[in-house]
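The values are calculated or read from the model by the stated rules, or taken from the named source; none is laboratory data. Everything quoted here is computed from the prediction, not taken from an experiment. Here Cβ is always computed from backbone atoms with ideal geometry, including for glycine, and neighbour counts include all displayed protein chains. Protein only, heavy atoms only, side chains kept; ligands, DNA and RNA dropped before computing areas. Shrake-Rupley method; radii C 1.70, N 1.55, O 1.52, S 1.80 Å.
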Amino acid sequence: MENIIDYLKAERSQEWRAEVRKRMKAKERTSLQRINMPEEDPDVRNKNSVEVNKGLAPEMAIAEAHRCLDCADPTCITGCPVGINIPKFIKQIEVEDFAGAAVTLKETNALPAVCGRVCPQEKQCELNCFYTQKLDKPPIAIGYLERFAADWERNSGKMSVPKTEKHNKIKVGVVGSGPAGLAAAGDLAKYGYDVTVFEALHEVGGVLKYGIPEFRLPNELVDVEIETMRKMGIKFRTDFIVGKTATFDDLKKEGFQAFFVGSGAGLPRFMNIPGENLNGIFSSNEYLTRINLMHAASDEYDTPVISGKNVAVIGGGNTAMDSVRTAKRLGADKAMIIYRRSEAEMPARIEEIKHAKEEGIIFMNLHNPLEYYSDENGRVKQVKLQKMELGEPDASGRRRPIPIEGSEFIIDVDTVVVSVGVSPNPLIPKALKNLKVTDWGTIVVDPDTMQSSVPEIFAGGDIVRGGATVILAMGDGRKAAAGMHKYIQEKIQAN
Amino acid sequence: MFKARIFFYFWQLKILIKNYFRQKKMSKILEKEFFSKNVVKLVLEAPEIARTRKPGHFVIVRIDEKGERIPLTISAADEKKGTITLVIQRVGVTSAKLCNMNVGDVIMDVVGPLGTATHIEKVGTVLCAGGGVGVAPMLPIVEGLKKAGNRVITILAARSKDLIILEDQMREFSDEVIVMTDDGSYGKKGLVTAGMEEVINREKVDLCFVIGPAIMMKFGALTTKKYNIPTMASLNTIMVDGTGMCGACRVHIGGKTRFVCVDGPEFDAHQVDFDEMMTRLGAYKEQEYEAYQKYLQTVEA
Ligand SMILES: Cc1cc2nc3c(=O)[nH]c(=O)nc-3n(C[C@H](O)[C@H](O)[C@H](O)COP(=O)(O)OP(=O)(O)OC[C@H]3O[C@@H](n4cnc5c(N)ncnc54)[C@H](O)[C@@H]3O)c2cc1C
Ligand SMILES: Cc1cc2nc3c(=O)[nH]c(=O)nc-3n(C[C@H](O)[C@H](O)[C@H](O)COP(=O)(O)OP(=O)(O)OC[C@H]3O[C@@H](n4cnc5c(N)ncnc54)[C@H](O)[C@@H]3O)c2cc1C
Ligand code: SF4
Ligand code: SF4
Ligand code: FES
C-alpha cells in the first residue's frame, strides 16, 4: 500500500501535472457544471438497439476534465476496485493527450471502454469523489471520461497492443471468457505465458456478450478487445467445457501447469411459485441469451423467442432493467418492472433506472408475484400480485419487504421474465471433487492470491463472489494472474 | 517491395484462416446414411467428445452463424477415429438442414458431451422401449446394459415400417428385439405399451427405460407404474445452452423444478410431469411451423 501512495504522489508532482493544476483556480473549477451525456431520444431508442449513451465530444470531455481538482488525496481511487490512477488520466484529457489517458487506463484496467459504460460509478469511484464527499455537488463524470478516452483510442485506429514479456512456453488455462477470465488471460499473457481461454458457449465474452444488451454495450466493442488479446498471442477455444469436453487432468497431461477459473454465476434462480414453468415465462438468462447471443429477434436467425405485448419482469437489478428495456424494444405495449422493495433498494445502476423510466417502462415497486395462470394453450396469461411494505433492514442492509395480507390482485401478462438472481455455475465444483466450496456453491479462495484449495487452480469473479460486477470480476482476474505467476515461478525454482 | 507486401498480407490471411478453424474446431461430416426418408445418421469429426462421452450424453450443435442450438444424443462414438455418431429425425428447420448436409460439409459448433451419463449396472432383466427417434438415444444405453451383463429386451416402436430404425444395431446388443408398428406394417401391430405389457406379464423385469415422444414416455411410465417397475425416461425438452445457464429445459420432477440439460436428461419416469413437458415442447409451435414452411419454400425454389 505504502509504495502505491508514494507512486501516486510522485506521479502527481510531475511538472506537467503541477502546471495543469495552476491553470485554473480551484474555486473556478468547482463552479463549473457537470457535463450531461448526450443520449438517443427515448421514443426513438426504445424501438431499436442503438446505444443509448452517445459518448462525449472532445470539447465536452475537456470541459468536464477541468472540474477535477487533481486532489492531493484522491479518494476517488479508493472507490475503484482496480485502482485506476483517476486524476492522472483526467488531467491527460484536460491537456488533450487522449492517447496518454488511454494508456493510463490500461495500466490497471484491460477493458476501459466496457467499464466506463457498465460500472456502477455512483457506488464506486464517483461516490468517493471529493465533490460527492465534501462539496455535496455532482461528482466528476469519471465513467464518462473513461469511456471517452477508451473510445477515442479505438476510433483512432491506433489501438496499442500491450507489451508481453518474452514467451516462456509455459501453458496455463483460463476457464470462462467473461470479464474475470479475460482480465486474467491478459495479465498472464503479459507475464509471458502461453494462455488458452476455454469457453463453453460459441462466443467469447461471457455476460458481456450473452447478457448485457447491445443498447448498453455494443458487442463490437468487446470484439475489438478480444482481437487485441488474440494479437497478444492468447488462444481462444470456444465450444469447450472444462470438466466435460476435457477434464482438468486431461489438460494437465497436455501440459497445462495452472488454471484460472472464471466460470461465472450462470445458474438462474426461480421463485418456485405455482405456474412458473408455463410457456412465456423465462429466466432473464434465457430471454437475454435468445436475443443477444442467438439474435432471436432477427428474422435471419433460426432461434425463436416469444415476447408479447404485456411483459412483466420480476426483479430490480441490472439484469431486470436489461430485460424490461429489451422487451420494450421488441414491441411491448406495457413493459413492467415488478420489484418487492422500493426504488431506493434497487441494485441496478441509477442511470439504467433513469433510462428505463424515460423509455416508458412501468415500475410496480413494492409488489411480489404469487402465482401465474395460463390460457388454454399453456401460455401465461395472468399473474397474481401481492403488495408489500418495508420493515427493518435485513442482513444485506436493505429494508426487508413484508407482504400486506389481503392486498392480492391479478393483472394480465403474456410474457414474464424472472430476474431474481443467479447461483454459481456448478459445472466446475461438480467436476472437481476435492475443490472446497461454500454452502452457496462459490469457490473458496485465498483473498490475496485467489488460490483455491487445489493448489494449481485459482478462481475469481462471480464464481467466487456469487454475483458481483464487471470491474470486481476483472480485479479478481488480475489478482489471480499475479498469484498464478508467483505460484508457477516458485514451483520452477523448487525444481 | 510491392510483391513482398502482397506476400506478407497473404501469409497473414492464411494464419488468420488457420487460427479461425483451429479455434472454432469446426466438425466435418465424414459419413452419412439414410435410415429412412426422414431419419439420417451422421458421423462427425469430434475427437475430444469421442474420448470423454459416455452412454446418455448428448451434444449441442449449431450448423452455421445464423443457426439455432439444438441437442442431439451421441448414439455411438469411436475414440480411435475421433468420431461421434448422431441420428437425426427431420421435424423442423434445423433437423431438416442437418438431414440435407453431405459428407465433407462442416458444422460450425458441436459442444459436449453434455448431461449426466446413464447410470449403468447389472440389475438382471432390463426392458428398453424406444419409440420413433427415441431409438437413437436408446442405442448406447442398450449397448452399455448388455456389456454390464444384463438380459436386455428391446422394443422398437413406430407408426409404420419405414420409421423403424437401427434394428440391426439393436439386435447386436439385445437378447430379444420386439418390433411394434401402429399400423401393423411390420412386426406386431399395436402401441409400444402393448409390447411392454406382454413382456412384463411373461417374465420378471427389474428395470425399464422408455425413450421417445413425450406422449409415448408418459404412457410407458404409467404402464410400468402399475407393476411397480423402476423406470427411467430420457427427456427431450427444448434447450438453448445445455450447460444449466438458461432454464429453458426445466420441468417438474417429483414436484421440484429440475434442469434437464444438467440434472438429466434421464429421470425417474414415475416422477416426471409429462403433461407440463409436452406443453413446454409446444412453446414455439407457431414460429417453428412458419419457419419450416418458409424453409421448405427456399429448398424447393
Ligand atoms: C444482464 C446482466 C447485466 C449486468 N449488468 C452489469 C452492469 O451494468 N455493471 C456491472 O458491473 N455488472 C453487471 N452485471 C454483472 C456482471 O456482468 C458479472 O458480475 C460479470 O460478468 C462476472 O464476470 P465473470 O467473468 O465472473 O463471469 P461471466 O461473465 O458469467 O463469464 C463466465 C463464462 O464462463 C463460461 N463457463 C462456465 N463454465 C465453464 C466451463 N466449465 N468451461 C468453459 N467455460 C465455462 C460461461 O459460459 C461464461 O461465458 C450484469 C449481469 C447480467 C447478467
Ligand atoms: C437431450 C436431448 C437429446 C435429443 N436427441 C435427439 C436425437 O438423438 N435425435 C433427434 O432427432 N432428436 C433428438 N432430440 C430432439 C431434437 O433436439 C429436436 O428434434 C430438435 O431440436 C428439433 O429442431 P428443429 O429446428 O428441427 O425443429 P423445431 O422447428 O424446433 O421443432 C419442430 C417440431 O419438433 C418439436 N420439437 C422441438 N424441439 C423438440 C425437442 N427438443 N424434442 C422433441 N421435439 C421437439 C416441436 O414441438 C415441433 O413440433 C433430443 C433432444 C434432447 C433434449
Ligand atoms: S473502472 Fe469503474 S470504478 Fe474504476 S474508475 Fe472506471 S468507472 Fe470508476
Ligand atoms: S476525488 Fe474527484 S476531484 Fe479529486 S481527483 Fe478524484 S475525481 Fe478529481
Ligand atoms: S438448456 Fe439452458 S439450462 Fe438447460
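Kindly check whether there is at least one residue in segment A:13-29 that is outside any loop (DSSP other than H, G, I, E, B) and either under 30 Å from residue A:291 (Cα atoms) or under 31 Å from the mean Cα position of the chain (by Cα) (or both). Before you say what the answer is, go through the steps one by one.
Looking only at segment A:13-29, we keep the residues that are outside any loop (DSSP other than H, G, I, E, B), and these are A:15-22, A:26-29.
If we keep only those that are either under 30 Å from residue A:291 (Cα atoms) or under 31 Å from the mean Cα position of the chain (by Cα) (or both) too, we end up with none.
No; the residues of segment A:13-29 include none that is outside any loop (DSSP other than H, G, I, E, B) and either under 30 Å from residue A:291 (Cα atoms) or under 31 Å from the mean Cα position of the chain (by Cα) (or both).
Please go through segment A:44-57 and give me each residue that is away from ligand 3 (no atom under 14 Å from the Cβ), open to solvent by less than 60 Å² (accessible area, probe 1.4 Å) and not in a loop (DSSP other than H, G, I, E, B), ordered by number.
If the condition is that a residue be away from ligand 3 (no atom under 14 Å from the Cβ), open to solvent by less than 60 Å² (accessible area, probe 1.4 Å) and not in a loop (DSSP other than H, G, I, E, B), then A:45 is the only one that fits.
Being farther than 29 Å from residue B:298 by Cβ and out of contact with any Leu (no Cβ under 7 Å at 6 or more places or on another chain) is the filter; apply it to segment B:79-108 and report the residue that is surrounded by the most Cβ atoms within 10 Å (Cβ to Cβ).
Top of the filtered list is B:82.
Kindly provide the set of residues from segment B:65-78 that are open to solvent by 10 Å² or more (accessible area, probe 1.4 Å), under 24 Å from residue B:295 (Cβ atoms) and within 13 Å of ligand 2 (Cβ to nearest atom), ordered by number.
We begin by selecting, within segment B:65-78, every residue open to solvent by 10 Å² or more (accessible area, probe 1.4 Å); these are B:65-66, B:68-73, B:76-78.
Narrowing the set further to residues that are under 24 Å from residue B:295 (Cβ atoms) leaves B:65-66, B:68-73.
Matches in segment B:65-78: B:66, B:68, B:69, B:70, B:71, B:72, B:73.
For residue A:427, all conditions in the list (1) within 16 Å of ligand 5 (Cβ to nearest atom); (2) touching a Cys at 6+ places or on another chain (Cβ under 6 Å) hold save one; what is the number of the exception?
(2)
Name every residue in segment B:219-230 that is farther than 20 Å from residue B:116 by Cβ, open to solvent by less than 50 Å² (accessible area, probe 1.4 Å) and within 21 Å of the chain's Cα centre (by Cα), in order of residue number.
Pass one, segment B:219-230, residues farther than 20 Å from residue B:116 by Cβ: B:219-220, B:222-229.
Restricting the remaining residues to those that are open to solvent by less than 50 Å² (accessible area, probe 1.4 Å) gives B:220, B:223-224, B:229.
Answer for segment B:219-230, where residues must be farther than 20 Å from residue B:116 by Cβ, open to solvent by less than 50 Å² (accessible area, probe 1.4 Å) and within 21 Å of the chain's Cα centre (by Cα): just B:220.
For the structure I just gave you, tell me whether residue A:384 is away from every other protein chain (no Cβ under 14 Å) and either part of a helix (DSSP H, G or I) or small (Gly, Ala, Ser) (or both). So that I can check it myself, show each step before the final result.
Values: away from every other protein chain (no Cβ under 14 Å): yes; either part of a helix (DSSP H, G or I) or small (Gly, Ala, Ser) (or both): no.
So residue A:384 does not fit the description; no.
Of B:109, B:105, which residue is of a type in the set (Asp, Glu), over 18 Å from the mean Cα position of the chain (by Cα) and more than 16 Å from ligand 3 (Cβ to nearest atom)? Before you say what the answer is, go through the steps one by one.
Values: B:109 fails: over 18 Å from the mean Cα position of the chain (by Cα).
Exactly one of B:109, B:105 is of a type in the set (Asp, Glu), over 18 Å from the mean Cα position of the chain (by Cα) and more than 16 Å from ligand 3 (Cβ to nearest atom), namely B:105.
Give the residue that is surrounded by the fewest Cβ atoms within 10 Å (Cβ to Cβ), with candidates limited to residues of segment A:394-447 that are assigned to a strand (DSSP E or B) and within 14 Å of another protein chain (Cβ to nearest Cβ).
At the first step, the residues of segment A:394-447 found to be assigned to a strand (DSSP E or B) are A:399-403, A:409-412, A:415-418, A:422-423, A:437, A:443.
Among the residues that remain, those that are also within 14 Å of another protein chain (Cβ to nearest Cβ) are: A:415-418, A:422-423.
Numbers: A:415: 25, A:416: 25, A:417: 28, A:418: 26, A:422: 23, A:423: 17.
This residue is A:423.
Are any of the residues in segment A:25-41 out of contact with any Pro (no Cβ under 9 Å at 6 or more places or on another chain), without any contact (Cβ under 8 Å) to a residue 60 or more places away in the chain, of a type in the set (A, V, I, L, M, F, W, C) and away from ligand 3 (no atom under 16 Å from the Cβ)? Talk me through it step by step, then tell me what you get.
Step one: filter segment A:25-41 for residues out of contact with any Pro (no Cβ under 9 Å at 6 or more places or on another chain), giving A:25-32, A:35-41.
Filter again for without any contact (Cβ under 8 Å) to a residue 60 or more places away in the chain, leaving A:25-29, A:31-32, A:36, A:38, A:40-41.
Restricting the remaining residues to those that are of a type in the set (A, V, I, L, M, F, W, C) gives A:26, A:32.
Remaining after also requiring away from ligand 3 (no atom under 16 Å from the Cβ): A:26, A:32.
For segment A:25-41, residues out of contact with any Pro (no Cβ under 9 Å at 6 or more places or on another chain), without any contact (Cβ under 8 Å) to a residue 60 or more places away in the chain, of a type in the set (A, V, I, L, M, F, W, C) and away from ligand 3 (no atom under 16 Å from the Cβ): present.
Yes or no, residue by residue, for (1) part of a strand (DSSP E or B); (2) surrounded by 22 or more Cβ atoms within 10 Å (Cβ to Cβ); (3) in contact with a Lys or Arg (Cβ under 8 Å, 6 or more places away or on another chain):
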residue	(1), (2), (3)
A:263	no, yes, no
A:270	no, no, yes
A:275	no, no, no
A:286	no, yes, no
A:300	no, no, yes
A:307	no, yes, no
A:319	no, yes, no
A:324	no, yes, no
A:331	no, no, yes
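Right, residue B:268: within 20 Å of the chain's Cα centre (by Cα), open to solvent by 20 Å² or more (accessible area, probe 1.4 Å) and more than 16 Å from ligand 3 (Cβ to nearest atom) or not? Walk me through how you get there before you give the answer.
Working: within 20 Å of the chain's Cα centre (by Cα): yes; open to solvent by 20 Å² or more (accessible area, probe 1.4 Å): yes; more than 16 Å from ligand 3 (Cβ to nearest atom): yes.
So residue B:268 fits the description; yes.
Any residue that is more than 14 Å from ligand 3 (Cβ to nearest atom), surrounded by fewer than 21 Cβ atoms within 10 Å (Cβ to Cβ), modelled with pLDDT of 90 or more and not charged (D, E, K, R) - is there at least one of those in segment A:72-84? Walk me through it before giving the result.
Initially, segment A:72-84 is screened for residues more than 14 Å from ligand 3 (Cβ to nearest atom), giving A:72-73.
Those left that are additionally surrounded by fewer than 21 Cβ atoms within 10 Å (Cβ to Cβ): A:72-73.
From what's left, modelled with pLDDT of 90 or more: A:72-73.
Right, trim to not charged (D, E, K, R) and you get A:72.
Checked segment A:72-84: at least one residue is more than 14 Å from ligand 3 (Cβ to nearest atom), surrounded by fewer than 21 Cβ atoms within 10 Å (Cβ to Cβ), modelled with pLDDT of 90 or more and not charged (D, E, K, R).
Of all residues in segment A:289-311, count the ones that are more than 9 Å from every other protein chain (Cβ to nearest Cβ), in contact (Cβ under 8 Å) with a residue 40 or more places away in the chain and under 27 Å from the mean Cα position of the chain (by Cα).
So the first thing to find is which residues in segment A:289-311 are more than 9 Å from every other protein chain (Cβ to nearest Cβ), and the list is A:291-292, A:297, A:299, A:307-311.
In the following step, the residues that additionally are in contact (Cβ under 8 Å) with a residue 40 or more places away in the chain were identified as A:291-292, A:307-311.
Filter again for under 27 Å from the mean Cα position of the chain (by Cα), leaving A:291-292, A:307, A:311.
Qualifying residue count for the region: 4.
Quickly run through segment B:158-182 and pick out the residues that are more than 20 Å from residue B:76 (Cβ to Cβ), modelled with pLDDT under 90 and open to solvent by 50 Å² or more (accessible area, probe 1.4 Å).
B:159, B:161, B:162, B:182
Could you list all residues from segment B:184-212 that are hydroxyl-bearing (Ser, Thr, Tyr) and open to solvent by 50 Å² or more (accessible area, probe 1.4 Å)? Break it down into steps so the answer makes sense when it comes.
Within segment B:184-212, the first condition is being hydroxyl-bearing (Ser, Thr, Tyr), and the residues that meet it are B:185-186, B:193.
B:185, B:186, listed by residue number.
Can you work out which of the residues in segment B:73-99 that are within 14 Å of chain A (Cβ to nearest Cβ), over 16 Å from residue B:48 (Cβ atoms) and not in a helix (DSSP H, G or I) is nearest to ligand 3 (Cβ to nearest atom)?
As a first pass, look at segment B:73-99 and keep what is within 14 Å of chain A (Cβ to nearest Cβ): B:74, B:77, B:79, B:82, B:84, B:91-98.
In the following step, the residues that additionally are over 16 Å from residue B:48 (Cβ atoms) were identified as B:91-98.
Now drop any that are not not in a helix (DSSP H, G or I), which leaves B:91-92.
Numbers: B:91: 48, B:92: 45 Å.
The residue in question is B:92.
Cβ-Cβ below 9 Å, separation at least six or inter-chain, first residue in segment B:236-254 and more than 18 Å from residue A:423 (Cβ to Cβ), second open to solvent by 10 Å² or more (accessible area, probe 1.4 Å) and within 16 Å of ligand 3 (Cβ to nearest atom): which pairs?
none
Could you tell me whether residue A:491 is open to solvent by 60 Å² or more (accessible area, probe 1.4 Å) and either at pLDDT 95 or above or touching a helix residue (DSSP H, G or I) at 6+ places or on another chain (Cβ under 6 Å) (or both)? Break it down stepwise before answering.
Values: open to solvent by 60 Å² or more (accessible area, probe 1.4 Å): yes; either at pLDDT 95 or above or touching a helix residue (DSSP H, G or I) at 6+ places or on another chain (Cβ under 6 Å) (or both): no.
So residue A:491 does not fit the description; no.
Of these, A:277, A:285, which one is without any contact (Cβ under 8 Å) to a residue 40 or more places away in the chain and facing chain B (nearest Cβ under 7 Å)?
Details: A:285 fails: without any contact (Cβ under 8 Å) to a residue 40 or more places away in the chain.
On inspection, the qualifying residue turns out to be A:277.
How about segment B:236-258: which of its residues are closer than 22 Å to residue A:289 by Cα, open to solvent by less than 50 Å² (accessible area, probe 1.4 Å) and more than 9 Å from chain A (Cβ to nearest Cβ)?
Filtering segment B:236-258 for residues closer than 22 Å to residue A:289 by Cα gives B:236-251, B:257-258.
Filter again for open to solvent by less than 50 Å² (accessible area, probe 1.4 Å), leaving B:237-251, B:257.
Passing the criteria: B:237, B:238, B:239, B:249.
Quick one: would you say residue B:233 is under 20 Å from residue B:137 (Cα atoms), within 14 Å of another protein chain (Cβ to nearest Cβ), within 17 Å of the chain's Cα centre (by Cα) and more than 16 Å from ligand 1 (Cβ to nearest atom)? Walk me through it before giving the result.
Details: under 20 Å from residue B:137 (Cα atoms): yes; within 14 Å of another protein chain (Cβ to nearest Cβ): no; within 17 Å of the chain's Cα centre (by Cα): yes; more than 16 Å from ligand 1 (Cβ to nearest atom): yes.
Answer is no for this residue.
Hey, can you tell me all the residues within segment A:250-274 that are without any contact (Cβ under 8 Å) to a residue 12 or more places away in the chain and under 22 Å from residue A:441 (Cα atoms)? Before the answer, list the steps.
In the first step, residues of segment A:250-274 are kept if they are without any contact (Cβ under 8 Å) to a residue 12 or more places away in the chain; the result is A:250, A:253, A:272.
Passing the criteria: only A:272.
Within segment B:109-156, can you find the residues that are assigned to a loop (DSSP other than H, G, I, E, B) and open to solvent by less than 20 Å² (accessible area, probe 1.4 Å)? Outline the logic, then answer.
To start, the set of residues in segment B:109-156 that are assigned to a loop (DSSP other than H, G, I, E, B) comprises B:115-124, B:148-150.
The answer is B:115, B:118, B:150.
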